[in-house]
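Below: the structure, in structure tokens.
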Amino acid sequence: ASLTMTLFILALLIQPVLADVEPGDLIDKSNYEKIEGMVPDYVLDWVKTGDLQMKIGKLNFDAKEFFSQEVKDNWQANVGRYKINEHNGIVDTKTGEMARGIKGLPFPEPDPTDPTFPVQLMWNYMITENFLQGTIKEKLHWLLIGRGGVEKTLVLDQYYGQLDPTKSEEDWAQLTVFRAPFSMSGTGTLAIYPLDPSKNGIRYAYTPELRRVKRLSHRVAGSDTHFGLDGAPDDSWCGGPKTNIEEGTYRYIEERDALVCYFSADSRKLDWNEKGELGMGYAETGVKHTLGFEDDGWQGAAWHIMDLVWVKSKVWVVESKSTDPNYGYGPCQGWIEQGTFHHAYKRITDPSGKLWKGAYYPGQGVETPDGKYRLLKNIAWVE
């Protein structure tokens, strides 16, 4: 009996800690076991090594309700209206033609048993990013941060929006112009895309040194790093080849509990200015976030965003691959929050399948006082 009791007590002592968190928890390298399985392995490693810590909280708004009025008005009408074809394009089942002029989300209630389910999730993201926000002008800051702090800052203006399908054969346009550093100031690209992946888009580039516009292939190598950063264009979402979606293959893996990060527990209230614009940046809202290198007492990674809110949620996990032999990535794993379609994580491997790098995407709920403009935005990515 004594031996049995001893073994029983020993078993209790070595029982592993079950992964779970509650609002108010601070997760760091002392208790990282509490989030095992709730974040990708590379994020867990950041916490284990002290590069990152997580303040667990809860949202004071329902993120699943942060859709525009247009999305809500077309929700039921779009259920079952669209399908994915063999090129990962969107077909309107009412007309049998490739979709154009989509109102709201094309796949508001995607079915995980549908083989095209992961592609539907990707299109929900692209439509939100390019159509549902309206015509957008934004200033982006890309930071290259080493252990000692910021090594390079790129500042660029970006404009994009939906095109009128009755006046254009293309569906959306994106213009990017660099403002800093001085050596790149004035360099710009204009890309115009169709919804139909089988059609060619248009891409132009201009540099002050050449003083001329050059036409480029619209099919960029989205896995190639650029501008001295470690990041590549396709790192900005958790899918595969973004501008070449027809070259991606997708597989649904599972649903799971996860930690998803947001910039704030509260939605950000915005209002229209005299130009009819919504100012979402620090200059308009006064809301600034602190990076690790700006906190004298922080001993972790200089790139860590100190004041994020990490909330327990459920995600769908999908795998993406490119069929292009020149694509730089192997299989990528994306975690997408259920109900919001918010991209939470992207795990990137090299062509051999070995972990290369990873990203996480803080979200932010934004809305106008009348509630007519309401959106959950991915306004940054960290890798």
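A few remarks follow.
- Per-q log10 I(q)/I(0), region 210-309, q = 0.11, 0.12, 0.22 Å⁻¹ (Debye; single scatterer per alpha-carbon; no solvent): -0.68, -0.81, -1.14
- Among 132, 119, 158 the positive-end extreme of the charge dipole of the chain (Cβ point charges): 158
- The average projected area of region 298-356, computed from the convex hull of its Cα atoms over all directions, is 6.0 nm².
- Other-chain or far-sequence residues with amide H under 5 Å of residue 145's (modelled H): 151
- The spacing between region 85-141 and region 245-308, judged by their C-alpha centroids, is 23 Å.
- Rolling a 1.4 angstrom probe over the protein heavy atoms with all chains in place gives region 70-162 an accessible area of 48 Å² per residue.
- For region 179-192, backbone phi angles converted through the Karplus equation (6.51, -1.76, 1.60; θ = phi - 60°) give residue-by-residue couplings of 10, 7, x, 4, 5, 10, 4, x, 5, x, 9, 10, 10, 10 Hz, Gly and Pro being listed as x.
- A straight Cα-to-Cα reach below 18 Å connects residue 199 with the aspartates and glutamates 86, 92, 97, 164, 169, 170, 171, 246, 247, 324, residues fewer than 8 places away in its own chain not being considered.
- Using alpha-carbon coordinates, inclination of helix 117-127 to the longest axis of the chain, degrees: 60
- Surface composition of region 58-138: carbon plus sulfur atoms contribute 46% of the solvent-accessible area (1.4 Å probe, protein chains only, all chains present).
- Between helix 2-14 and the chain there is an angle of about 30 degrees, using the helix long axis and the longest principal axis of the Cα atoms.
- With 10 Å bins beginning at zero, the pair-distance distribution over Cα atoms of region 133-251 amounts to 12, 37, 37, 12, 1, 0 %.
- Whole-percent carbon and sulfur share, accessible surface of region 196-337, 1.4 Å: 47
- Estimated FRET transfer efficiency when R0 is 51 angstrom, pair residue 217-residue 307 (beta carbons, to 0.05): 0.80
- Counting only heavy atoms of the protein chains and using a 1.4 Å probe, residue 199 has close to 110 Å² of accessible surface.
- Sorting the segments 336-343, 91-98, 226-233 by their mean number of nearby beta carbons within 10 angstrom, highest to lowest, gives 336-343, 226-233, 91-98.
- The trypsin sites (Lys or Arg not before Pro) of region 98-178 that DSSP puts in a loop, and whose beta carbon has at most 15 other beta carbons within 10 Å, are 103, 147, 167.
- Think of each Lys and Arg Cβ as +1 and each Asp and Glu Cβ as -1; about the Cα centre, that makes the dipole of the chain roughly 760 debye.
- Checked against a 22 Å cut-off, the cross-linked pairs 64/269; 48/288; 55/314; 29/312; 346/377 give Cα-Cα distances beyond that limit for 48/288.
- Its alpha carbons give region 49-167 an Rg and a Dmax of 18.9, 57 Å.
- Restricting the calculation to Cα atoms, the chain yields a radius of gyration followed by a Dmax of 22.1, 89 Å.
- Solvent exposure of region 259-344, expressed per residue, is 45 Å² of accessible area, with all protein chains present and a 1.4 angstrom probe.
The values are calculated or read from the model by the stated rules, or taken from the named source; none is laboratory data. Quantities reported herein were computed from a predicted structural model and do not represent experimental measurements. Cβ atoms come from the backbone with ideal geometry, glycine included; neighbour counts cover every protein chain shown. Calculation scope for accessible area: heavy atoms of the full protein, side chains included, ligands and nucleic acids excluded. Shrake-Rupley method; radii C 1.70, N 1.55, O 1.52, S 1.80 Å.
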